[in-house]
1. For the cross-link pairs Lys54/Lys169; Lys37/Lys127; Lys108/Lys169; Lys37/Lys108; Lys54/Lys127; Lys127/Lys175, which exceed 23 Å when the distance is taken from alpha carbon to alpha carbon?
2. Once both labels are modelled 7 Å past Cα along the beta-carbon direction, what's the Val172-Arg19 spacing in nm?
3. Roughly what angle does helix 115-124 make with the longest principal axis of the chain, taking Cα atoms, 0 to 90 degrees, to the nearest 10?
4. What does the charge dipole of the chain about its Cα centre add up to, to the nearest 20 debye, if the Cβ of each Lys and Arg holds +1 and the Cβ of each Asp and Glu holds -1?
5. In Å and whole numbers, how far do the C-alpha atoms of the chain stretch along each principal axis, longest first?
6. If one takes the longest principal axis of the Cα atoms in the chain, at what angle in degrees, from 0 to 90 and to the nearest 10, does the Cα axis of helix 64-84 lie?
7. Tell me, in nm to one decimal, what length is gained between Arg131 and Val161 on full extension, where the rule is 0.36 nm per residue of separation less the Cα-Cα distance?
8. Going by average Cβ density within 10 Å per residue, which order do the peptides 155-168, 22-35, 135-148, 40-53 take, highest to lowest?
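Readers should treat all values here as calculations from the given coordinates under stated rules, not as data from a laboratory. For clarity, every value in this text was computed on a predicted model and none was experimentally measured. Cβ atoms come from the backbone with ideal geometry, glycine included; neighbour counts cover every protein chain shown.
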Amino acid sequence: MKEPAIDPRYLEVFPQWLRSLGDDARAVADTVAASAKDDASTRCLISGLNYIFKSLDLIPDGIDDLGFLDDAFVLRVASAQAAGEGAAAADGKRGIVDRLTEDARAIKDFLGADYGRLETYVAALRKGAARGRTVEEIATDSGIREQFLQEVRAWSGSYQVPSFTRDQKTLVKLKSFLNAKLP
């Protein structure tokens, strides 16, 4: 039985997210830097950024497009979760959080019933670590936070946009990749 076609609009949307991933990460880092608070919304954003480093250490050669799309998805879902916690409202830097939250709606449409699994996965990242730093340490230690944010900014400046094959098969592979990864 042939799998139903996936909405082709994602063949335009997802490459845009790959192109903007470095800039999006830098903007989220700037939002975290502007928030001196240690609150749930800041931890959501930190976990999304920290995931990028965890992911970099796990992306095998040959699937950069899927691996970085995974990062773009996580950053958007983490931003949506931060928005639910009142992210950056007092800091006046809500624009990036709002935009990424709006983008998360497309992920929900794309994944359908599996979106809840992604939300659960992203929420669990708040208890995780990457490169020896936990979200807790980044959120509570100003020295670690500053070093982390510098690394995010350095990564975003060196990020190379991977190729993305605009084909339905790529979308099917992406769904399969996420299905295998999500709890």
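1. Working: Lys54/Lys169 26 Å; Lys37/Lys127 18 Å; Lys108/Lys169 19 Å; Lys37/Lys108 29 Å; Lys54/Lys127 13 Å; Lys127/Lys175 25 Å.
Cα-Cα > 23 Å for Lys54/Lys169; Lys37/Lys108; Lys127/Lys175; rest within.
2. Between Val172 and Arg19, the simple spin-label model gives 2.7 nm.
3. In the chain, helix 115-124 runs at an angle near 30 degrees to the longest axis.
4. Its charge dipole is roughly 260 debye.
5. 54, 31, 27
6. Orientation of helix 64-84: about 50 degrees from the principal axis.
7. 8.5 nm
8. Highest to lowest by the protection proxy: 40-53, 22-35, 135-148, 155-168.
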